[in-house]
Amino acid sequence: MAIISIPIILPLLLLSLKFKTELFIDQRAIFIKLILLVLLPLLAGLFLKKTLVTITPAIKKRLGIINQLIIICVVYMSLSGARQILIAKSATV
């Protein structure tokens, strides 16, 4: 649901901030990135979970750590990709 709603709602939310300059949001690019970064790994994980029979507690612990690291990496990639925009916008506000 979020993969579909974020590209639609994000431009509307940013309009409410009333920036001095016009901000263009490529909804299609956001949608594609969400599919690649969220949906495909989710589907791959669900597929692997059904095909792998036994997962030991040690493996589950490692997978949990890997999961958290991936989430941190996604947030870092998003922020670093928007760094220049955030810096420029914070100077004008």
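Taking the criterion of being in a helix (DSSP H, G or I) and aliphatic (A, V, I, L, M), the residues of region 42-59 that qualify are LEU42, LEU43, ALA44, LEU46, LEU48, ALA58, ILE59. Scanning region 47-86 for residues that are over 24 Å from ILE30 (Cβ atoms) and β-branched (Val, Ile, Thr) yields a count of 8. Restricting attention to region 1-41, the residues that are among the charged types (D, E, K, R) and modelled with pLDDT of 80 or more total 3.
Among the conditions (1) surrounded by fewer than 11 Cβ atoms within 10 Å (Cβ to Cβ); (2) closer than 26 Å to PRO11 by Cβ; (3) among the small types (Gly, Ala, Ser), GLY64 misses just one, which is (2). Restricting attention to region 13-31, the residues being part of a helix (DSSP H, G or I) and in contact with a helix residue (DSSP H, G or I) (Cβ under 8 Å, 6 or more places away or on another chain) number 4. ALA29 passes every criterion in (1) under 23 Å from ALA88 (Cβ atoms); (2) surrounded by fewer than 10 Cβ atoms within 10 Å (Cβ to Cβ); (3) without any contact (Cβ under 8 Å) to a residue 12 or more places away in the chain apart from (2).
So if I check each of LEU39, LEU34, LEU10, which one is part of a helix (DSSP H, G or I) and over 22 Å from GLN68 (Cα atoms)?
Answer to the selection: LEU10.
Can we say GLY45 is assigned by TED's automatic domain parsing to the domain that holds SER90 and within 24 Å of ILE3 (Cα to Cα)? Break it down into steps so the answer makes sense when it comes.
Numbers: assigned by TED's automatic domain parsing to the domain that holds SER90: no; within 24 Å of ILE3 (Cα to Cα): yes.
The answer is no for GLY45.
For ALA44, only one of the following conditions fails: (1) surrounded by 10 or more Cβ atoms within 10 Å (Cβ to Cβ); (2) at pLDDT below 80. What is its number? Here ALA44 clears every test but (2).
The values are calculated or read from the model by the stated rules, or taken from the named source; none is laboratory data. Owing to the predicted nature of the structure, the values given are computational and were not obtained by experimental measurement. Here Cβ is always computed from backbone atoms with ideal geometry, including for glycine, and neighbour counts include all displayed protein chains.
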